[in-house]
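Let me begin by presenting the structure, written as structure tokens, before commenting on it.
The values are calculated or read from the model by the stated rules, or taken from the named source; none is laboratory data. All of these numbers come straight from a predicted model, not from anything done at the bench. Backbone-built Cβ (ideal geometry, glycine too); neighbour counts: all protein chains shown.
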Amino acid sequence: MLVGVDLASSGSSGSLLFDPALEELGLLAQSAGMEPVARVACRRKAPDPSLFIGSGKADEIRDLARDCGALEVLFDQNLSPAQQRNLERHLGLPVNDRTFLILGIFAQRARSHEGKLQVELARLQYLSTRLVRRWSHLERQSGGIGMRGGPGESQIELDRRMIADGIRRIQSRLSRVKRQRATQRRQRQRHGMLCVSLVGYTNAGKSTLFNALVKAGAFAADQLFATLDTTTRKLYLGCAQPPQPILLSDTVGFIRDLPHGLVDAFEATLQEAVDADLLLHIVDYSDPHHIERIAQVQTVLEEIGAGDIPQVLVFNKVDAVGPERRPGVLRDTYEWGGSWVPRTFVSAHSGEGLPGLRQVLCEKLFPPPRESDVPS
């Protein structure tokens, strides 16, 4: 069962981030191998400290879950450990939140050693705050001369130490990975190679476009977070004199309310975007909420320190829109944040607009010399 709570104030028109149909949460659940059987959306001025949704709505969800045969309840918002524990007791079902769901998908999709380390680090950091729920079957005992706590407290402390040790080990390994990537970037800079990173909302078609540009054969599918591991290939544009390749990197997709633990854990991967000379911001033009998606990606870019890197907006999936939304021209500019950003319309699937995208890359990376720079 999918549950969403609109926490906008009663006088507002609603939050742009709230999805009343819970479509994205449903796609996330399906990506994790689950099947949504019911959806419940409600509105509150503020979360209930104990049950997040209040006891009345919790009773309603419990009855509906029983009628629908739901085996788990997923919340679109992040729950505190206490709220999660109280909801499980009240509903009599496992309760998880958006962060746990995304972590599960990442764990399924990570392929490289680095990706698996990053996911495991985020998972341990998430679990470290929820040990009281995992060990609630062990009672904390007290009483008797010299007794301080009981077996439950001892088990919790032991588990905390094990998780803390695991976090330190993984952080040490990721530090080595980060140093290796930094060394590779310095080598590329010494050779004067320009770097372009594909960024964008998950399932915007980044990997399909990456394959269309460099024939990489990277995994691409119509699902959220199909690709987690960064892939880098050389791209020859044919406009540089003398001819020289650039490096094109396909990075992990973003999503609204991306857990901070994942942002921190994927620092080594996201660093490819931070150190890029140019960002290709891929947008799913067929998504009716694509304007909000652009804003959400920009928020994450600001958070990781890539907000000031030059961008080109690439409106992908132009072949998936109706005739009334087909652009009159495939290249123009788009106003965003008080400035004008180059924009190009493409279809990574059919190849439409790709020559224009290559031309934009040439103009941004290898601009023609100005008259004042030409020797007389």
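One table, with the values for the structure above:
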quantity	calculated
Residues of the range 213-244 classified as crowded, with 20+ Cβ neighbours inside 10 Å and at pLDDT 90 or above, total	1
Subset of the range 283-328 [over 13 Å from Val341 (Cα atoms) and among the hydrophobic types (A, V, I, L, M, F, W, C)]	Val283, Ile291, Ala295, Val297, Val300, Leu301, Ile304, Ala306, Val318, Ala320, Val321
Pair list, Cβ < 9 Å and 6+ apart or interchain, from the range 334-358 residues that are in contact (Cβ under 8 Å) with a residue 40 or more places away in the chain and not assigned by TED's automatic domain parsing to the domain that holds Val214 to residues that are of a type in the set (S, T, N, Q) and assigned to a strand (DSSP E or B)	none
Qualifying residue in the range 147-160 (condition: modelled with pLDDT of 85 or more and either assigned by TED's automatic domain parsing to the domain that holds Phe210 or surrounded by 11 or more Cβ atoms within 10 Å (Cβ to Cβ) (or both))	no
Where a residue in the range 252-265 is at pLDDT 80 or above and its partner, wherever it lies, is small (Gly, Ala, Ser), with Cβ under 8 Å and at least six apart	Gly253/Gly200; Gly253/Ala204; Phe254/Gly200
Residues of the range 300-341 satisfying the condition of being assigned to a loop (DSSP other than H, G, I, E, B), under 21 Å from Thr202 (Cα atoms) and in contact with a Gly (Cβ under 8 Å, 6 or more places away or on another chain)	Lys317
Residue tally, condition part of a loop (DSSP other than H, G, I, E, B) and within 22 Å of Gln84 (Cα to Cα), over the range 106-130	3
